[in-house]
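Nothing in this text is a laboratory measurement; each read-out follows from the coordinates by a stated rule. As the structure is a computational prediction, the values presented were derived from the model and not from experiment. Cβ placement follows ideal geometry from the backbone for every residue including glycine, while neighbour counts extend to all protein chains displayed.
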Amino acid sequence: MKFPTDFYFGGATAAFQTEGAVKEGNKGEVLWEPFLKKQGRFDPEPACDFYHRYPEDLKLSGDFGLNSIRISIAWTRIFPTGSGQPEQAGVDYYHNMFAECRKNGIEPFVTLHHFDTPEALHQTGDWLNEENITKFVDYAKFCFQEFSEINYWITINEPTSMAVQQYTTGTFPPGEKYNFHKTFQAEHNLNLAHARVVNEFRKLQISGQIGVVHALQTVYPFDSTKKGDMHAAKLQDVLDNRLFLDGTLGGEYSQETLSLMNEILAANDQAKISITDSEMVELKQASDQLDFVGVNYYFSKYMKEYHGISETIHNGTGKKGSSISRLQGIGESGVPDGIEMTDWDWPINPQGLYDQLERIHTNYPKVQDIYITENGLGLKEEKPAENEILDDSKRIDYIKIHLQEVLRAIENGINVKGYFVWSLQDMFSWTNGYSKRYGLFFVDFDTQKRYPKKSAYWFKELTETKELSK
Ligand code: BGP
């Protein structure tokens, strides 16, 4: 079977991970800058200097057959402190860059928020402060009206990753751990922020489509014959996926979702979160008007029953087997025999992608159109020798087995309309720095030179034949 002729094949990027130039154009600081400085692990500058090199990157994309790109607007290039007067340099930059996309035959899918909250708003409580939601909605409205050349808008990238990593695992700023109350409150507030933006988009009668992007980690019981493992999987699923799927696609939290969430909070002696009836009306209204959902999928989780205290260790170096994830009142992650792991301890399971697509199609039928907005494999890679092509066959294999699942889904009537590989070119990883590379194009971070990898050529062939090579 082939991919449809109008299928989008693209590369995914994010402003803070690619642009660099953090001090140019009067750009404001984002929450990562003081956080990374304090950690001293790596410098987000110059990233892959997309701010200056986008003409080259977009030309490469076009030359290698890509017809689309996922890109995000840095809120702090438009409003340096999150609100106030728009910064013309930022506005001009994005107009120019979008024009360059068109010149190369590339459709930009534009995300309004990709993990880069203005530091000024992070200081005042981030997504836990409702005033910041209002500022986000104002910023979104400005973008909708200013950038009328955009056809596909994405409200928020991976709200789940943000909330969980900010307040449960502590790997995102502010680095708080095991605060499930804040995690779930931030999750609900992110659903609300998304909903308010969608509702404004419709009120303003903006042409084009609007969607949201979720990181979905498919959660299975480690041993499906054990009741305790089955329940741990459900609890982890609520934390990682379900509150968002219910909130943004369903427009209401099911009784089971609420009771699983409250079970986690009670097991941690933490207060229930605040959800009002009028907020639920807003969520419902937005879910009725949503055009598409983006799925970011990398790995699955296998949960065991666990009754101890929380303990997590993040593998941020690529040393296999160095991570731990045990959450009080939820469960412990394990790896069943026969499941291959990446160097960063992510279990590879393409079936997990299919299962999420089917779940959305079946359980959340209001949203018909699905895009795979991120999928790919991080590897440690060395610069290729002159006249050589970096052999990243492992990445090709990973992408291929996941695309097979996408084809299977399409065959079974699930409307997947595009696939964006993470990532277009090498960039830094939020919690792993520059040594975890995902790109179709290798970037020498000293010279900023780009080198197409074997996967770029393979992907080009795919865009031409629309078929997975044997
Ligand atoms: C997603 C993010 C991306 C990217 C990717 C890879 O969660 O949307 O920005 O970073 O994951 O993850 P990592 O960099 O942790 O390997």
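Mind telling me which of the residues TRP75, TRP32 ends up being surrounded by fewer than 22 Cβ atoms within 10 Å (Cβ to Cβ) and within 18 Å of the chain's Cα centre (by Cα)?
Values: TRP75 fails: surrounded by fewer than 22 Cβ atoms within 10 Å (Cβ to Cβ).
After ruling out the rest, the residue left standing is TRP32.
Wholly within the range 231-344, which strands (runs of 3 or more DSSP E) include no fewer than the required count, namely at least 2 residues that are closer than 27 Å to ILE372 by Cβ and β-branched (Val, Ile, Thr)? Full working, then the answer.
Working: elements: 292-296, 300-304, 311-313, 324-327, 331-334.
Fully inside the range 231-344 and qualifying: 292-296.
Take the residues of the range 406-459 that are within 11 Å of the ligand (Cβ to nearest atom) and among the basic types (Lys, Arg): which is surrounded by the most Cβ atoms within 10 Å (Cβ to Cβ)?
Looking at residues that are within 11 Å of the ligand (Cβ to nearest atom) and among the basic types (Lys, Arg), I get ARG437.
So in the range 139-166, with the set limited to residues that are part of a helix (DSSP H, G or I) and within 16 Å of the ligand (Cβ to nearest atom), which one is nearest to GLY105 (Cα to Cα)? It would help to see each step written out before you state the result.
Quick first cut of the range 139-166, residues part of a helix (DSSP H, G or I) only: 139-146, 159-166.
This time we only want the ones that are within 16 Å of the ligand (Cβ to nearest atom), so: 159-166.
Numbers: PRO159: 30, THR160: 32, SER161: 31, MET162: 32, ALA163: 35, VAL164: 37, GLN165: 36, GLN166: 37 Å.
Of everything passing the filter in the range 139-166, PRO159 is nearest to GLY105 (Cα to Cα).
Show the residue pairs meeting these rules: Cβ distance below 6 Å; 6+ apart or different chains; first residue within the range 93-104 and within 18 Å of ALA21 (Cβ to Cβ); second residue among the β-branched types (Val, Ile, Thr).
Partner pairs satisfying both residue conditions: TYR94/ILE73.
Looking at the range 148-158, can you tell me whether even one residue there is over 16 Å from ALA195 (Cα atoms), of a type in the set (Val, Ile, Thr) and within 21 Å of the chain's Cα centre (by Cα)? Give the derivation first.
If we filter the range 148-158 for residues that are over 16 Å from ALA195 (Cα atoms), which is where we start, we get 148-152.
Restricting the remaining residues to those that are of a type in the set (Val, Ile, Thr) gives 150.
Filter once more, keeping what is within 21 Å of the chain's Cα centre (by Cα): 150.
Checked against the condition, which is being over 16 Å from ALA195 (Cα atoms), of a type in the set (Val, Ile, Thr) and within 21 Å of the chain's Cα centre (by Cα), the range 148-158 yields at least one hit.
Filter the range 3-15 down to the residues that are more than 16 Å from the ligand (Cβ to nearest atom) and of a type in the set (A, V, I, L, M, F, W, C), then identify the one that is nearest to GLN425 (Cα to Cα).
Step one: filter the range 3-15 for residues more than 16 Å from the ligand (Cβ to nearest atom), giving 3-9.
The next check asks that each one be of a type in the set (A, V, I, L, M, F, W, C); those that pass are 3, 7, 9.
Details: PHE3: 24, PHE7: 21, PHE9: 15 Å.
Per the stated criteria, the residue is PHE9.
Of everything in the range 343-357 that's among the aliphatic types (A, V, I, L, M) and within 15 Å of the ligand (Cβ to nearest atom), which residue is surrounded by the most Cβ atoms within 10 Å (Cβ to Cβ)? Break it down stepwise before answering.
Pass one, the range 343-357, residues among the aliphatic types (A, V, I, L, M): 348, 353, 357.
From the residues that got through so far, the ones that are within 15 Å of the ligand (Cβ to nearest atom) too are 348, 353.
Details: ILE348: 17, LEU353: 27.
Only one residue tops the list, namely LEU353.
Quick one: ILE389 ticks every box in (1) in contact with a helix residue (DSSP H, G or I) (Cβ under 9 Å, 6 or more places away or on another chain); (2) among the hydrophobic types (A, V, I, L, M, F, W, C); (3) crowded, with 20+ Cβ neighbours inside 10 Å except a single one, so which number is it?
If we test ILE389 against (1) in contact with a helix residue (DSSP H, G or I) (Cβ under 9 Å, 6 or more places away or on another chain); (2) among the hydrophobic types (A, V, I, L, M, F, W, C); (3) crowded, with 20+ Cβ neighbours inside 10 Å, just (3) comes out false.
Looking only at residues that are β-branched (Val, Ile, Thr) and under 20 Å from GLU87 (Cα atoms) in the range 97-132, which one is surrounded by the most Cβ atoms within 10 Å (Cβ to Cβ)? Lay out the reasoning, then the answer.
First, pick out the residues of the range 97-132 that are β-branched (Val, Ile, Thr): 106, 110-111, 117, 124.
Filter once more, so that each one left must be under 20 Å from GLU87 (Cα atoms): 110-111, 117.
Details: VAL110: 21, THR111: 28, THR117: 24.
Out of the qualifying residues, it is THR111.
Against the conditions (1) within 22 Å of THR463 (Cβ to Cβ); (2) assigned to a helix (DSSP H, G or I), where does PRO108 fall short? Just the number, please.
Here PRO108 meets the rest and fails (2).
Tell me, which residue of the range 16-29 that is more than 10 Å from the ligand (Cβ to nearest atom) and closer than 16 Å to GLU119 by Cα is surrounded by the fewest Cβ atoms within 10 Å (Cβ to Cβ)?
LYS23
For the range 219-229, what are the residues that are crowded, with 18+ Cβ neighbours inside 10 Å and either farther than 12 Å from GLU332 by Cα or charged (D, E, K, R) (or both)? So that I can check it myself, show each step before the final result.
Step one: of the range 219-229, the residues crowded, with 18+ Cβ neighbours inside 10 Å are 219-222, 229.
Within the range 219-229, just ASP229 meets the criteria.
Considering LEU403, LEU379, LEU390, which residue is within 16 Å of the ligand (Cβ to nearest atom) and among the aliphatic types (A, V, I, L, M)?
On the way: LEU403 fails: within 16 Å of the ligand (Cβ to nearest atom); LEU390 fails: within 16 Å of the ligand (Cβ to nearest atom).
Being within 16 Å of the ligand (Cβ to nearest atom) and among the aliphatic types (A, V, I, L, M) holds for just one of LEU403, LEU379, LEU390, which is LEU379.
List the pairs whose first member sits in the range 420-439 and is without any contact (Cβ under 8 Å) to a residue 40 or more places away in the chain, whose second member is of a type in the set (Ser, Thr, Tyr) and more than 8 Å from the ligand (Cβ to nearest atom), and whose Cβ atoms are under 7 Å apart, counting only residues at least 6 apart or on separate chains?
Cβ pairs passing all conditions: none.
Just to be sure I understand, how many residues within the range 1-48 are among the charged types (D, E, K, R) and in a helix (DSSP H, G or I)? If you could, list the steps in order and put the result at the bottom.
Step one: list which residues in the range 1-48 are among the charged types (D, E, K, R), which gives 2, 6, 19, 23-24, 27, 29, 33, 37-38, 41, 43, 45.
Filter once more, keeping what is in a helix (DSSP H, G or I): 24, 33, 37-38.
Final tally of qualifying residues: 4.
Could you tell me whether the range 265-288 includes any residue that is more than 20 Å from the chain's Cα centre (by Cα) and at positive phi?
yes
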